[in-house]
1. Would you call ALA457 in a loop (DSSP other than H, G, I, E, B) and either more than 25 Å from GLY743 (Cα to Cα) or not aromatic (Phe, Trp, Tyr) (or both)?
2. When you look at VAL674, is it open to solvent by 10 Å² or more (accessible area, probe 1.4 Å), β-branched (Val, Ile, Thr) and within 23 Å of PHE572 (Cα to Cα), yes or no?
3. If you go through the range 650-671, how many residues are farther than 16 Å from ILE553 by Cβ, open to solvent by less than 10 Å² (accessible area, probe 1.4 Å) and either assigned to a loop (DSSP other than H, G, I, E, B) or in contact with a Ser or Thr (Cβ under 6 Å, 6 or more places away or on another chain) (or both)?
4. Which residues, counting only those in the range 49-79, are of a type in the set (Asp, Glu) and either open to solvent by less than 60 Å² (accessible area, probe 1.4 Å) or part of a loop (DSSP other than H, G, I, E, B) (or both)?
5. Taking the conditions exactly as written (in contact with a strand residue (DSSP E or B) (Cβ under 7 Å, 6 or more places away or on another chain), within 21 Å of SER251 (Cα to Cα) and in a strand (DSSP E or B)), does VAL739 satisfy them or not?
6. Mind listing just one residue for me: the one in the range 744-794 that is among the charged types (D, E, K, R) and in contact with a Gly (Cβ under 9 Å, 6 or more places away or on another chain) and, of those, farthest from GLY690 (Cα to Cα)?
7. All but one of (1) within 17 Å of HIS181 (Cβ to Cβ); (2) over 36 Å from the mean Cα position of the chain (by Cα) hold for ALA87; which doesn't?
8. For the structure I just gave you, tell me whether THR770 is among the β-branched types (Val, Ile, Thr), open to solvent by 40 Å² or more (accessible area, probe 1.4 Å), farther than 27 Å from SER672 by Cβ and not in a strand (DSSP E or B).
Amino acid sequence: MAIPMVAPDALVVDLADVSDRDNLRVGGKACKLGELVRNGLPIPPGFVVTTTSFDAYLRGTPVGEIIRKELESLEPDRAESVETASAAIRKAFQETPYPPDLERTLKETYLNFAKRQKVRYCAVRSSATAEDLADASFAGLQETYLNVSTPDDVLANIRRCWGSLYTPRVMVYRRRKGISHADVKLAVLVQKMVNSSVSGIMFTADPNTGEKHTIIEAGWGLGELIVGGEVTPDHYVIDPQGPRIVLKNISKQSVMLIREEGGGNRRVEVASDRQQAPKLSDAEILRLTSLGRHIEAHYRRPMDIEWCLEDGELFVVQARPITTGGAAEAKPSKTTSPEGRKMETSTHAKESSTGPAKILVRGLGASPGMAEAKVRRLSGVADMDQLRPGEVLVTSMTMPDMVPAMSRAAAIVTDEGGMTCHAAIVSRELGVPCVVGTREGTKVLHDGMEVTVDGKAGIVYEGLVSGGAHAAAPARAPTASAGVSHHVPATATKIYVNVSIPEKAKEYSELPVQGVGLFRIEFLFTSYVRTHPMALIKEGKGKELVDRLAAGIERVCEAFNPRPVIIRTSDFKTNEYRGMPGGAPYEPEENNPMIGWRGCSRYVSPQYREAFLLELEAIQQVRSVRGFRNAHVMLPFVRNTQELELIERMMEQKGLLRGPDFKLYLMAEVPSIVFRAQEFSEYCDGFSIGSNDLTQLVMGADRDSDILGKMGYFDERDPAVLKAVEMLIQGAHEKGRTVGICGQAPSVYPEFTEFLVRHGIDTISLNADTVIPTTRTIASAEQKILMERARRGS
């Protein structure tokens, strides 16, 4: 029997009478939930204010004409125009009352619903006709209001939901997706509010890799803290064959969100006996899994599901297609020459066609791979244009503003530097073979000389060892879509990727990662801006600076959306800034710039404050105008809380306020942040360990010193460094803050990775080329720990 559709003239309709065929009347969220109600799934009861009511309101008030005029005069490429139109339209919705007949219908419907369902509090939720589509999830873009308790507040929030159809970010997102403003309408779903004791998210397939296992995350209380990333939830992985639980990672939770009597929410401390207890029993996990499979079977596609638990009863409050899934499995790509031959790397001496190849210089292998090409020796930034695509770049030490040239190189060789120097980090990101710390590369290697660079062994050979078979093109990072023969296991530890160069973001977004844990914004200054920011400001080009930075940030955020992108604000040292065009008048000469005027101390200085404010403005423009709410901020080289108080006010000045959809993280590089972790926790949502700087400051070992590196002084595995990491994780977790790491160590030392997992690290952010192998290492460590616990009977 055919399911009747919602009548075209219906102003309101019961959620139980809605199906998937009613999208144009009730919007994406409501039609999916109504479909699930019809299929017997546990959905909180509710009713829908249809798009017919939306149309009636526009016809019966001046608001429809205001919208038409604002959209006619809109200049969509100008941020100011979008913001002006948005503000005028939303103000009209908020201030214009309903036509009397419509107001009477809505109020009577709510009162009858509240009496019938014994509703004390309800949720008022936007449901747009272009929402929750398979290729365009508008998740979180339109408004939702929770714990609403009076008829007047319900009606006021319905109008606010309608107005949220025209926020700048929604307007920009629609334009990017090719959806006309005129084609979209908004229904509003009013549901009984569930007072959640436990809530969370379930994916019926891995959202990163597409693997067919169910992932459930669960936390105490209402779900906003989980969605906002403010607490680390329990993480469960379920094999659907059985089904059986294959991984349980129980996270400590010290704070939760509960409903406030009289409306609103408040944070409370979790009882001590529950902080480390599992949020779900095995039976509840399997019940949830069954619900997820039921929903997936109905829609015939992997689903992203929000759920909650009240008095032992499970409810589904949202279901939408997963829009970020990758291939089922992944394998590393093979680096090939233009002729298609596989490039292999060996630590043994190479054989040329005429016998053993001659070693010209040795150093540290900083980025794996091989390349055969002619040498181009550069003395500094001024020589960059001399480098032709496919040549071997040889220099004393690379600087940030040399990135454009580095991206053209077949390989990179430097005299100075260690495994964490600029050349090493950027080469790994680019997938370019690199040897650092050769000491005499610029003396031995001359322009036009044909060489073979082995980036794994750290050796440069004379001549084209394989006769040109390794004429390297930059290697792509192994991605989840690169093949299907290598399994990428699920982990309870969240895996992120490090990004420096926006042009690589689309490629890296295919990796099985949950977001960007470190986006180094200073590379935008060298590639997009190319002038010292204070020099631009003096020339009256502050807006140009903002627009260029925003363009680069947007490129990364768009590639990963809706996965989070954590943007580390600029962390240039004075010697690096002096080398920029226009930089010399603004930068002092310091004897030790590595521990000099950098990071947060620069932001709060009168000499640089204006430039940092423009940096914040660019980030806010990407979030509010261009619509990418996945952009978050991380501050580098934090020394004390006084500077954080000043920076907090600067961020508020630019509209960047911490909340459910905007997070502020601190780099843990200076030991003071370790010793005072609980105090610093009051100013942030989490920490990210910069293992390179933390190690050099704990050990007193210059991270760029090839001598100390070879002698073993610079080592993240030193007991003092491990103790610092342990102290930070413990202190942060006691305050409910997350801790991640974005340094090189986890991909180099498996024992260090196991140490991090054992001590409860929440996230690990990796260079792209190490994501897949290191994910396997992390999964192995987690499995080892679980087996040990099982043997102990704990």
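1. Considered against the rule, which asks whether it is in a loop (DSSP other than H, G, I, E, B) and either more than 25 Å from GLY743 (Cα to Cα) or not aromatic (Phe, Trp, Tyr) (or both), ALA457 comes out as yes.
2. no
3. Within the range 650-671, residues that are farther than 16 Å from ILE553 by Cβ, open to solvent by less than 10 Å² (accessible area, probe 1.4 Å) and either assigned to a loop (DSSP other than H, G, I, E, B) or in contact with a Ser or Thr (Cβ under 6 Å, 6 or more places away or on another chain) (or both) number 2.
4. Answer for the range 49-79, where residues must be of a type in the set (Asp, Glu) and either open to solvent by less than 60 Å² (accessible area, probe 1.4 Å) or part of a loop (DSSP other than H, G, I, E, B) (or both): ASP55, GLU70, GLU75, ASP77.
5. Yes.
6. The qualifying residue farthest from GLY690 (Cα to Cα) is ASP769.
7. All conditions are met except number (2).
8. For THR770, the condition - among the β-branched types (Val, Ile, Thr), open to solvent by 40 Å² or more (accessible area, probe 1.4 Å), farther than 27 Å from SER672 by Cβ and not in a strand (DSSP E or B) - is not met.
The values are calculated or read from the model by the stated rules, or taken from the named source; none is laboratory data. On a predicted model such as this, the values are computed, not experimentally measured, just so you know. Note that each Cβ is placed from the backbone with ideal geometry, even for glycine, and that neighbours are counted across all protein chains shown. Protein only, heavy atoms only, side chains kept; ligands, DNA and RNA dropped before computing areas. Shrake-Rupley method; radii C 1.70, N 1.55, O 1.52, S 1.80 Å.
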